[in-house]
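Okay, so here's the structure we're looking at.
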Amino acid sequence: MEKRMDIHQLSSFEDLENHPLKNALSAFIDGHPASNFFQGLIHFEFSQDIPESKPILIFANEGDRVTGSLQGTIQSNGNGLKSWLSRRIIVWGGPLVEEGSSSVLNALLDELHRFAAGKALFIEFRNAFDTSRWHDVFANAGYEYRPHLNYLVKTDTQELVKQRMSKSRWRQIQSSLKNGAEIVEPENENDVMAFYQILLKLYEEKVKKPLYAPDFFLKFWKSKSGKIFLVKKNGEVLGGIVCPIHQNRIIYEWYVCGEDGKEKGISPSVLATWAPIEYALQNGLDHFDFMGAGQPDQAYSVRDFKERFGGDQVCYGRYHLIVNKALYQVGKLGLRVYQKVM
């Protein structure tokens, strides 16, 4: 006789702490072959009490055995109408489901859709692994698959990493160090805020997308979620990178910036990107994940920058579902206006 499948929905880490299946859920996530930071319980804990995003954790069980889970964040920007028209649910990393359990994935998606009604204009899964076996399940649930590239840098030995990297990229790293730049971690909140100001300028002038408030980055620095690496010269912050770490196995690029051209012979963006790769080499991690390199059919200068670090190009793609079509179109128009006026 088959055991009944139960679905659980949690929005606070306190609820998880008191849940009888917490240990089973933790073991399932940690032991899943596609386990990643953004689907892990450390991320769920970190995601609490961030004004611009609220976490949602959905998981399935049969008896005392967890069979699937997915974690997302409800994100919005600004206040009032702007906040209302920017509501979306982002699921970084993709769903974690027992092999072949399409019924479990269906149940998780159904629960997510019920939760999203009235709370989000769209849902987007940003996959961190190959989910091609689930394409039909997502398609039947109304999702559109969108190709999206990424680079994964294997961190086996420094010599092999150097061989795979472009020669000009390695020269930039060496030149930056030779000309007085150094890679350090923040000593205090002022260091984090100096990094944030450079990042904010990048988002306002080039990225043209909203950015978390400073408290997000200060919280990350104080948490056990990963590392912030800074590029400094003579004590001045020239750039940096925010890097979640998962199971001492994967390190990610979440946010990165650098004041390139400010100091002769120093490439802060390059050195900041090298920092997690070097950390992975020194600490036995498997690889560095760039977390996105754009759509394959569109020119993207950031992809060209990332490619020169010698990673393997993958295309795990994204799944996109519009929850409220009318408001979604209004929200898209509002984003285009925001990008033009910023």
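The values are calculated or read from the model by the stated rules, or taken from the named source; none is laboratory data. Note that the coordinates shown come from a computational prediction; the quantities given were computed from them, not determined experimentally. With ideal geometry, Cβ positions are generated from the backbone for all residues, glycine too; neighbour counts draw on all protein chains shown. In case anyone asks, the SASA skips ligands and DNA or RNA and just uses the protein heavy atoms, side chains included. Shrake-Rupley method; radii C 1.70, N 1.55, O 1.52, S 1.80 Å.
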| task | Give me the accessible area of Lys154, 1.4 Å probe, in Å² rounded to the nearest 10. | result | 90 Å²
| query | Hey, what do the phi angles of the range 249-260 turn into as Karplus ³J(HN,Hα) couplings, whole Hz, using 6.51/-1.76/1.60 and θ = phi - 60°, x for Gly and Pro? | reply | 10, 10, 10, 10, 9, 9, 9, 8, 7, x, 8, 5
| request: Please arrange Val192, Val184 by accessible surface area, largest first, computed with a 1.4 Å probe and ligands excluded. | output: Val184, Val192
| message | To test your reading of the geometry: what angle, between 0 and 90 degrees and rounded to tens, separates the Cα axis of helix 22-31 from the longest principal axis of the chain? | response | 60 degrees
| field | Tilt relative to the chain, helix 102-116 - C-alpha long axis, 0 to 90 degrees, to 10 | value | 80 degrees
| said: Loop only by DSSP, 12 or fewer other Cβ within 10 Å of the Cβ. Give me the GluC sites (Glu not before Pro) in the range 241-279 that pass, ordered by residue number. | reply: none
| query | For the chain, what is the calculated [θ] at 222 nm in deg cm²/dmol (nearest 500), taking -39500 (n - 2.57) for each run of four or more DSSP H residues and dividing by its residue count? | reply | -11000 deg cm²/dmol
| request: In whole Hz, with x marking every Gly and Pro, tabulate ³J(HN,Hα) for the range 152-160 from phi via Karplus 6.51 cos²θ - 1.76 cosθ + 1.60, θ = phi - 60°. | output: 10, 9, 5, 10, 7, 9, 4, 5, 5
| message | Between Asp286 and Lys119, what is the label-point separation in nm under the 7 Å Cα-to-beta-carbon projection? | response | 3.1 nm
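Go through Arg87, Arg114 and list them by solvent-accessible area, largest first, probe radius 1.4 Å.
My answer, sorted largest first, is Arg114, Arg87.
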| note | Length gained if His135 through Asp15 is fully extended, taking 0.36 nm per residue and subtracting the Cα-Cα distance, is 40.0 nm
| Roughly how many Å² of Leu70 are accessible to a 1.4 Å probe, to the nearest 10? | 0 Å²
| query | What do you reckon, how do Tyr196, Tyr145, Tyr279 stack up by accessible area (1.4 Å probe), largest on top? | reply | Tyr145, Tyr279, Tyr196
